[in-house]
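Asker: Let me give you the structure first, and then I'll get to my questions.
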């Protein structure tokens, strides 16, 4: 689906009453978190700035690339990352981006597990022939280290999501863009 279709799907979840939701959005906690993610995603779309480093790297792409972003509206990391992937893709007409839901067909995430998990968001970059050129995700290395540290401390979900949220807010997408630029320089 296009970003517009993904956003429309996301917004439909946000405005549908709880009693009419399908799983997992029939859970009030999931629905509330999804509504919060909607705000986060749209905030980054309005305020996120693509760095000069990433712009320069994106301008060096001269052959078509297809970016597949595997995501879900309930994913907190995706609310912070997906907007920067979308904004980056808009910088070069050689990049075509599509979005797939992790929990729906074609279940592509099965092929792109992270340490055996179905972690998202996941970016797959393919050439015009559909051959994989590189992957990235589910989160920047610094965020992953923070997440792993919190898990080692048996931090509860509330603490984990608050600390990750603080990291994303203070970093403002810089690490995401740095890592994306590094990946692209390896494959172009």
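No lab work stands behind these numbers, since they all come straight from the coordinates. None of these values were measured; they are calculated from a predicted model. Because the Cβ atoms are built from the backbone with ideal geometry, glycine has one as well, and the counts that use them run over all protein chains shown.
Asker: May I ask for the distance between the Cα centers of the range 155-188 and the range 15-64, given as a whole number of Å?
Answerer: Value for the Cα centre distance between the two parts: 14 Å.
Asker: Continuing with this model, one more query. For 80, 149, 66, what ranking results if the residue with the fewest other Cβ atoms within 10 Å of its Cβ goes first?
Answerer: Fewest-to-most ranking of 80, 149, 66: 149, 66, 80.
Asker: Between residue 27 and residue 91, what length comes free when the chain is fully extended (0.36 nm per residue of separation minus the Cα-Cα distance, one decimal in nm)?
Answerer: Full-extension gain reported as 19.3 nm.
Asker: Rank these for me by crowding, 136, 38, going from fewest to most other beta carbons within 10 Å.
Answerer: 38, 136
Asker: Okay, moving on. Where does helix 76-89 land angle-wise versus the long Cα axis of the chain, in degrees 0 to 90, nearest 10?
Answerer: On a 0 to 90 degree scale, this one is about 30.
Asker: In degrees, nearest 10, range 0 to 90: what is the angle between the Cα axis of helix 174-187 and the longest Cα principal axis of the chain?
Answerer: 40 degrees
Asker: If I stretch the segment between residue 110 and residue 131 completely, what's the gain in nm (0.36 nm per residue apart, minus their alpha carbon distance), one decimal?
Answerer: 5.9 nm
Asker: For the pair residue 169 and residue 18, how long in nm is the line joining their label points, each one 7 Å along Cα→Cβ?
Answerer: 2.5 nm
Asker: What ranking do 30-37, 118-125 get when scored by the average of other Cβ atoms within 10 Å per residue, highest first?
Answerer: In decreasing order of mean packing, 30-37, 118-125 become 118-125, 30-37.
Asker: Also: Run the numbers on the range 10-128 and let me know its relative contact order in percent, using alpha-carbon pairs under 8 Å that are six or more apart.
Answerer: About 28 percent, as a whole number.
Asker: How big is the range 1-90 in terms of Cα radius of gyration and Dmax, in angstroms?
Answerer: 15.1, 49
Asker: Among 86, 179, 19, which comes first, then next, by fewest other beta-carbon atoms within 10 Å?
Answerer: 19, 179, 86
Asker: Which order do the peptides 142-148, 39-45 come out in when sorted by mean C-beta neighbours inside 10 angstrom, highest first?
Answerer: So the order, starting with the most tightly packed, is 39-45, 142-148.
Asker: For the chain, what does the helix formula give at 222 nm: sum of -39500 (n - 2.57) over DSSP H segments with n ≥ 4, over the residue count, nearest 500 deg cm²/dmol?
Answerer: Dividing the helical sum by the residues of the chain leaves -16500 deg cm²/dmol.
Asker: Turning to a different aspect of this structure: For helix 157-171, what angle does its Cα long axis make with the longest principal axis of the chain, in degrees from 0 to 90 and rounded to 10?
Answerer: Helix 157-171 sits roughly 40 degrees off the main axis of the chain.
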